[in-house]
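Inspection log for the structure reproduced underneath, given as structure tokens.
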Amino acid sequence: MRKIAIIFPGIGYHCDKPLLYYGKKLAVENGYEIIEVPYKGFQSGIKGNAKLMYEAFQLALTQTEEILGQNAFDSSDQLLLISKSIGTAVAAAYEKKHGIKAKNIYFTPVAETFQFMEEGSGIVFHGTGDSWANTESLVEECEKRKLPYYLTEKANHSMENGNVVQDLQTLQEIMKICEKYIGEE
């Protein structure tokens, strides 16, 4: 059985940052091959600018198409998409465009992600102190799509609150949820 996990980073949150790094490790422990999508070339000042956010999304999606191709997963029995921030929108859009059925772990999705998400297609993690996404809107969108979501009080867009010990505890809790989700058939 061939299992593939694709990692979709954020703009400044690359594949070796904690959520994605440990997400990858869990995937490997569960028999997944890892493919990273290292898109780049984003402008600065994207936060709060809808036009720049859309351009960044288009750039990342174009690069994803180039990296993954059209039929990259034809020989895969199981597909797992692990994404962060703008990567959540790219992963969901790629999945929808290509009619792929995958399990998804969405770390701190941006609002644009929800236009592509399918009902029940994954799990969502969000910090209530995340200035990139409104908590109330996120909860509403998750409930509408029957997506389990996990909120961490006062955590920012990196799922951190500035206290190292608490941040490590939060990371551990998130990874336990991810481990269970990845292991489900």
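The values are calculated or read from the model by the stated rules, or taken from the named source; none is laboratory data. Keep in mind that this is a model prediction, so the values were computed, not measured. Neighbour counts run over all protein chains shown; Cβ positions are idealised from the backbone, glycine included. To get the accessible areas, we keep the full protein, side chains included, count just its heavy atoms, and leave off ligands, DNA and RNA. Shrake-Rupley method; radii C 1.70, N 1.55, O 1.52, S 1.80 Å.
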**Request:** Tell me, please, whether a residue that is modelled with pLDDT of 95 or more, open to solvent by less than 70 Å² (accessible area, probe 1.4 Å) and touching an Asp or Glu at 6+ places or on another chain (Cβ under 6 Å) can be found in the stretch 141-152.
**Result:** yes
**Fill in**
When the stretch 163-180 is checked residue by residue, the ones that are open to solvent by 90 Å² or more (accessible area, probe 1.4 Å) and part of a loop (DSSP other than H, G, I, E, B) are none
**Request:** Would you be able to tell me the number of residues in the stretch 25-57 that are basic (Lys, Arg) and closer than 18 Å to Glu112 by Cα?
**Result:** 2
**Request:** Determine which member of the set Ala91, Ala133 is small (Gly, Ala, Ser) and outside any helix (DSSP H, G or I).
**Result:** Ala133
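May I ask you to verify whether Tyr106 is under 24 Å from Ile35 (Cβ atoms), in a helix (DSSP H, G or I) and in contact (Cβ under 8 Å) with a residue 12 or more places away in the chain?
On the way: under 24 Å from Ile35 (Cβ atoms): yes; in a helix (DSSP H, G or I): no; in contact (Cβ under 8 Å) with a residue 12 or more places away in the chain: yes.
So Tyr106 fails the test.
Determine which member of the set Glu55, Glu66, Glu119, Glu112 is part of a loop (DSSP other than H, G, I, E, B) and open to solvent by 60 Å² or more (accessible area, probe 1.4 Å). Can you show your working first?
On the way: Glu55 fails: part of a loop (DSSP other than H, G, I, E, B); Glu66 fails: part of a loop (DSSP other than H, G, I, E, B); Glu112 fails: part of a loop (DSSP other than H, G, I, E, B).
After applying the criteria, what remains is Glu119.
One line per residue, one yes/no per condition, for (1) within 24 Å of Ala60 (Cα to Cα); (2) open to solvent by less than 20 Å² (accessible area, probe 1.4 Å); (3) touching a Ser or Thr at 6+ places or on another chain (Cβ under 8 Å):
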position: Gly99; (1), (2), (3): yes, no, no
position: Glu136; (1), (2), (3): no, no, no
position: Ser158; (1), (2), (3): yes, no, yes
position: Asn161; (1), (2), (3): no, no, yes
position: Ile182; (1), (2), (3): no, yes, no
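Within the stretch 14-42, restricting attention to residues that are basic (Lys, Arg) and in a helix (DSSP H, G or I), which residue is surrounded by the fewest Cβ atoms within 10 Å (Cβ to Cβ)?
First, the residues of the stretch 14-42 that are basic (Lys, Arg): 17, 24-25, 40.
Narrowing further to those that are in a helix (DSSP H, G or I): 24-25.
Details: Lys24: 18, Lys25: 13.
Ranking the qualifying residues of the stretch 14-42, first place goes to Lys25.
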**Asked** What are the residues in the stretch 1-13 that are farther than 26 Å from Ala155 by Cα and open to solvent by 10 Å² or more (accessible area, probe 1.4 Å), if any?
**Response** Met1, Arg2, Lys3
